Amino acid sequence: MKYHTLTFSFDFSQITTSTKYIYFAYCYPYSYTQLDAYLSSLNNYKDILRFDEIGKSLEGNSLHMLIITDFTDSFDELANKKSIIFTARVHPGESNGSYVIQGVLEFLLSNDLGAKNLRKNFIFKIVPMLNPDGVIRGNFRMNILGKDLNRMWDEPTEDSCPTIFNTVKMIKKTLDSRDIYFFCDFHGHSNKHNFFLYSCKSKYEYLQLDENTIIPNPQKYKLTFYELVFQFILNRENNFLDRFSCTNKIIPSKTKTSRAILKTKYNVDFSYCLESSIAAMRTKEGNTIPFTINTYKKIGRDFCIALNKLIDPKIFFSVLSTIRFSKNEKCSLYNKNKVKGKMLFLPYINNLGGSTNNLNNNSNNNNNNINKANNNSMNSANLAKSMKLNNINNNNNNIAKNNSNNKINNYFHKLSGKIQNNNNSNKGVLNKYKSGIISNSAMSKDNNKNNSFKYNGNKMKKSFEAMKHS
């Protein structure tokens, strides 16, 4: 077996006689005592901050939670707010995650207009240290029982991982009264530079309308490019976000992590893990710059600024339109080098209270941004070829308006006759599906022949049976 060791030297002659202790650390330390001291300093925010202890660790240490919102709002206003949940330090050795989430807290408690807007719209629930025992004991990844707590979110038990058990209990209780709009777990990474996001690309789940017709289930599949929107906005705020290291999938070994469970089990649309490097930042020129405590905190601040922009429909749909027409973004979404198949994506408009008109207007107004986002600017003919859409007009200004509206209207007219003859269980599917996402490649194998959205019956039966057992 091969072992790797690190050797270094230190000159103690440079230390003054008044120095009592010298510490050697993997990253800037952030202890449980330091967290308690920081939380104790936050006593002057009574209108926007509440503290709660949602449980105890195996060794009896408190599991702290901070609740941040505008508590001066009326009862009805508070009741109608969605929730955003942040967690950190599930792995004790990733102390930089504590500095990032402290940057988040400092911004949310500030007088910045963006912070006020976030507090006005959401109730933040923040658990800054999920593994206090491991932090106190000096563990790098595990709790005191030798368990990786970020692989126990599916069915946590109070006996083996009470901090995760009580955090999940808090999440379930939150969902009883309000939706969770956004989730992020803050980590540190030991072998990559800069910082980056892991998200969870949605999977298609299909709904069979009749023997020959099947569509993506609008209840189960809302998002495609939406996962990339926040990543794109955050990259604009902080260019040390390494988008090449971002992934948009859940690999088998990560199915029981917090971001995966919040997405698949609790249906949180925006569910992320933010990884910041323990090593350094790397510039475009290849130079490395060591992280400092302040640069870690700045990631947290920029994260919140990006979040505030995410909830602005104009910014959201402007970025979304840029991504939809960028071949590079499709590659990023599917974690591939190139895009295969024929795809037409229509946004889940109702998610942020926007409209198709918002998207069309933003798409028209941001053609220059679209061209800038694509280094190899494509004219409308190349765009039509790359997306393989049969009916795209040569004028970019009409792409979203003509293609999206006409195709979706034609499609629903063709489907409406089939749906009327189906069982009661399928009633209303059409209306719900209008706010979903259509993929030409997923919807039809016969598009190229007759522009029909009807499947071949025998092939469809086989594929549907295969999906049910996969």
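The values are calculated or read from the model by the stated rules, or taken from the named source; none is laboratory data. Small disclaimer: the values here were computed from a predicted structure and weren't measured. Reconstructed Cβ throughout: ideal geometry from the backbone, glycine too, with neighbour counts over all protein chains shown.
For this structure, a couple of remarks:
- Residue satisfying all of: in segment 165-187; in a helix (DSSP H, G or I) and among the hydrophobic types (A, V, I, L, M, F, W, C); surrounded by the fewest Cβ atoms within 10 Å (Cβ to Cβ) among these: Leu175
- Here the helices (runs of 4 or more DSSP H) wholly within segment 72-122 that include at least 3 residues being buried (at least 21 other Cβ atoms within 10 Å of the Cβ) are 96-108.
- Candidates Asn143, Asn96, Asn111, Asn131 - the one that is touching a strand residue (DSSP E or B) at 6+ places or on another chain (Cβ under 9 Å) and of a type outside the set (A, V, I, L, M): Asn96
- Residue within segment 264-276 that is within 15 Å of Phe186 (Cβ to Cβ) and outside any strand (DSSP E or B) present: no
- Leu66 in a strand (DSSP E or B), surrounded by 10 or more Cβ atoms within 10 Å (Cβ to Cβ) and in contact with a Leu (Cβ under 8 Å, 6 or more places away or on another chain): yes
- Of Asp36, Asp52, Asp73, Asp47, all but one fail to be closer than 20 Å to Cys184 by Cβ and not aliphatic (A, V, I, L, M); the exception is Asp52.
- Inter-residue pairs, beta-carbon under 6 Å, first assigned to a loop (DSSP other than H, G, I, E, B) and in segment 151-164, second of a type in the set (Lys, Arg), 6+ apart: Trp153/Lys256; Asp154/Lys256
- Qualifying residue in segment 281-297 (condition: assigned by TED's automatic domain parsing to the domain that holds Ile84, under 21 Å from the mean Cα position of the chain (by Cα) and not basic (Lys, Arg)): yes
- Test: residue in segment 32-50 that is exposed (fewer than 10 other Cβ atoms within 10 Å of the Cβ), without any contact (Cβ under 8 Å) to a residue 24 or more places away in the chain and of a type in the set (Val, Ile, Thr): no
Each row is one residue, and each column tells you yes or no for (1) over 16 Å from Phe186 (Cβ atoms); (2) assigned by TED's automatic domain parsing to the domain that holds Arg301; (3) modelled with pLDDT under 90.
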{"site": "Glu211", "(1), (2), (3)": "yes, no, yes"}
{"site": "Asn217", "(1), (2), (3)": "yes, no, yes"}
{"site": "Lys220", "(1), (2), (3)": "yes, no, yes"}
{"site": "Glu227", "(1), (2), (3)": "yes, no, yes"}
{"site": "Leu234", "(1), (2), (3)": "no, no, no"}
{"site": "Arg259", "(1), (2), (3)": "no, yes, no"}
{"site": "Leu262", "(1), (2), (3)": "no, yes, no"}
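- Residue check for Lys120: under 22 Å from Ile136 (Cα atoms) and touching a residue at least 40 places away in the same chain (Cβ under 8 Å): no
- Within the option set Ser110, Ser160, Ser177, being in contact with a Leu (Cβ under 8 Å, 6 or more places away or on another chain), small (Gly, Ala, Ser) and over 14 Å from Gly93 (Cα atoms) holds for one residue only, Ser160.
- The one condition in (1) in a loop (DSSP other than H, G, I, E, B); (2) farther than 26 Å from Phe270 by Cβ that Asp133 fails to fulfil: (1)
- Residue match in segment 3-25 (condition: touching a residue at least 24 places away in the same chain (Cβ under 8 Å) and surrounded by 10 or more Cβ atoms within 10 Å (Cβ to Cβ)): no
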